[in-house]
1. What percent of all Cα-Cα pairs in region 32-145 falls in each 10 Å bin, counting up from 0?
2. Mind listing which GluC sites (Glu not before Pro) in region 56-106 are in a DSSP loop and have 15 or fewer other Cβ atoms within 10 Å?
3. So how many Å³ per residue does the convex hull of the Cα atoms of region 104-149 work out to?
4. Reported to two decimal places, what Rg/Rh ratio describes region 79-128 when computed on Cα atoms with Rh from the Kirkwood expression?
5. If you stretched the chain out fully between ASP29 and ASP116, how much longer would it get, using 0.36 nm times the residue separation minus the C-alpha to C-alpha distance?
6. Rounded to the nearest 0.05, what FRET efficiency is calculated for ALA43 and SER76 with R0 set to 25 Å and r the Cβ-Cβ distance?
Amino acid sequence: MSRRIALSIAAGVVVLGGAGAFALAYAGDQPPAFAHSTARYTAPGSGRNGSFTFSTEVTASSGVKSLKVLAWPEKSEFAKKPPTAKDMAGVESAACEPAEGDTARCVYKAVVSAADAASSPRGAWHIAVLATAEDGSTTLDTKAAGFTIG
């Protein structure tokens, strides 16, 4: 093999190796991402409570630290100014369990009493979620899912 070919191959290996290292470094800095988000509302019935359940899969390269969940009616102050990360700081957290790789399955469940249902606005509701990764990066989705109270 000539020296020119050997140098070309060596240069190619260095360039490809550098690009691969950059790609791995970039992939390691990805903020949390959501997939398969669903919400389910069941109204209270005669003598029984209802329920609200939200579930999603969160993927974060450093791992999932927490997921905050807020249900908000479409006809509220959040319709004009969606919830912020600051608004989400004091809301309840979902329970997250490791799934596969960097993904966690998170579920939030709440009991809905007849009094809760009676005082809740009718119509469309949205689910805002704030995911925090172990490295501190966050992702806010103000309309991750929705449901209707009839």
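1. 14, 43, 30, 11, 1
2. Working: sites: GLU57, GLU74, GLU77, GLU92, GLU100; in loops: GLU74, GLU92, GLU100.
Hits after loop and neighbour filter: GLU74, GLU92, GLU100.
3. On the way: hull volume 4.4 nm³, N = 46.
Considering the Cα atoms of region 104-149, their hull volume per residue is 96 Å³.
4. On the way: Rg = 14.7 Å, Rh = 14.0 Å.
So for region 79-128, dividing Rg by the Kirkwood Rh gives 1.05.
5. On the way: separation 87, 0.36 × 87 = 31.32 nm, distance 4.12 nm.
Extra length available between ASP29 and ASP116 comes to 27.2 nm.
6. Details: r = 19 Å, r/R0 = 0.78.
The formula returns an efficiency of 0.80 here.
Computed from the coordinates by the stated procedures, all read-outs in this text should not be read as laboratory data. Here the structure is a predicted model, which is why all the values come from computation and not from measurement. Cβ coordinates were reconstructed from backbone atoms using ideal geometry, including for glycine residues, and neighbour counts include every protein chain displayed.
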